[in-house]
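The structure appears below as structure tokens.
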Amino acid sequence: MKRAVVFYWLIGILIAAIIIAVAFYFDVSVANFMATHQDAAIRSFMQNVSRFGDWPEHFLLGLILAGVAWWRRNKKWTRIFLAMLIALAIAGLAGRAIKLTTGRARPSVKSEQMWNGPNWSSKYHSFPSGHVDASTGFFGVLLLARRRIGLACLSIPLFIGLSRLYLGAHYLSDVVCAAVLGILSAILVTHFFLRKTTETRPAAELQD
């Protein structure tokens with residue numbers, strides 16, 4: 001059993017590494033494509049997606065859902081929503097630390113160096129995407145805890161990531177690495193905070 005878990009982890013790490021490498025390779029071409037295919041209506045829509053897809057909105061949603069679940073005395077869903085908030089916080093804080101440390105210039109910023117080291121300016125906080133790591137961590141827990149509902153909500157972080165690319169706020173690798181960070185945060189929180197919840201689910205529900 002342990003060997004199987006290690007094997008799956010190694011496969012997952014390999015796949016993630018390949019995807020990240022491919023994302024870095026296509027950074028400039030994707031950024032140029034987005035810059036040359038701008039439309040006023042689409043841009044307005046993407047601005048709203050980014051505006052309502054930031055971490056404060058996710059955090060408020062999680063608090064409301066946790067409050068409703070607690071009010072209805074549903075311990076399982078209260079625990080799940082709290083785990084979603086924890087994963088959001090972990091992914092957000094880790095992503096923020098990386099931003100400040102790497103100082104990657106955003107696609108819209110003209111800079112001689114793409115990576116500038118420690119920097120407090122938001123113009124150099126491209127890597128990784130804070131919107132995407134928070135949203136992926138948040139809904140990643142939901143996916144791991146309740147597969148059907150989680151799959152239905154996956155379009156939210158996907159649209160948020162697309163909006164960040166379209167608006168020229170991030171490179172493709174910023175979004176991909178943020179998603180990986182969010183997934184890792186979700187796995188970590190689910191393992192340590194929701195293990196009993198997932199293990200005690202009915203067999204039929206586990207096959208969702």
When the residues of the stretch 44-60 are narrowed to those that are touching a residue at least 12 places away in the same chain (Cβ under 8 Å) and aliphatic (A, V, I, L, M), which ends up farthest from His131 (Cα to Cα)? Met46
Residues of the stretch 7-31 being at pLDDT 95 or above, surrounded by 11 or more Cβ atoms within 10 Å (Cβ to Cβ) and not hydrophobic (A, V, I, L, M, F, W, C), in sequence order, are Tyr25, Asp27
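From Ser135, Ser155, grab the single residue that is surrounded by fewer than 24 Cβ atoms within 10 Å (Cβ to Cβ) and under 12 Å from the mean Cα position of the chain (by Cα).
Numbers: Ser135 fails: surrounded by fewer than 24 Cβ atoms within 10 Å (Cβ to Cβ).
That would be Ser155, the only listed residue that is surrounded by fewer than 24 Cβ atoms within 10 Å (Cβ to Cβ) and under 12 Å from the mean Cα position of the chain (by Cα).
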Scanning for something touching a Ser or Thr at 6+ places or on another chain (Cβ under 8 Å), surrounded by fewer than 16 Cβ atoms within 10 Å (Cβ to Cβ), among the small types (Gly, Ala, Ser) and at pLDDT 90 or above, does the stretch 171-186 turn up at least one residue? no
Criterion: under 22 Å from Leu154 (Cα atoms), out of contact with any Ser or Thr (no Cβ under 9 Å at 6 or more places or on another chain) and either in a helix (DSSP H, G or I) or of a type in the set (Asp, Glu) (or both) - qualifying residue of Met84, Met46: Met84
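Can you go through Arg164, Arg106 and tell me which one is of a type in the set (Lys, Arg), surrounded by 16 or more Cβ atoms within 10 Å (Cβ to Cβ) and part of a helix (DSSP H, G or I)? Full working, then the answer.
Working: Arg106 fails: part of a helix (DSSP H, G or I).
After applying the criteria, what remains is Arg164.
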For the structure I just gave you, tell me whether Ala41 is at negative phi, touching a helix residue (DSSP H, G or I) at 6+ places or on another chain (Cβ under 6 Å) and without any contact (Cβ under 8 Å) to a residue 60 or more places away in the chain. no
Quick count over the stretch 148-166, residues being more than 30 Å from Ser108 (Cα to Cα) and of a type in the set (D, E, K, R), is 1
Tally up the residues in the stretch 109-150 that are among the hydroxyl-bearing types (Ser, Thr, Tyr) and either assigned to a helix (DSSP H, G or I) or closer than 30 Å to Thr78 by Cβ (or both), please. 5
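The values are calculated or read from the model by the stated rules, or taken from the named source; none is laboratory data. Note that the structure is a prediction, hence the values are computed from the model and not measured. Because the Cβ atoms are built from the backbone with ideal geometry, glycine has one as well, and the counts that use them run over all protein chains shown.
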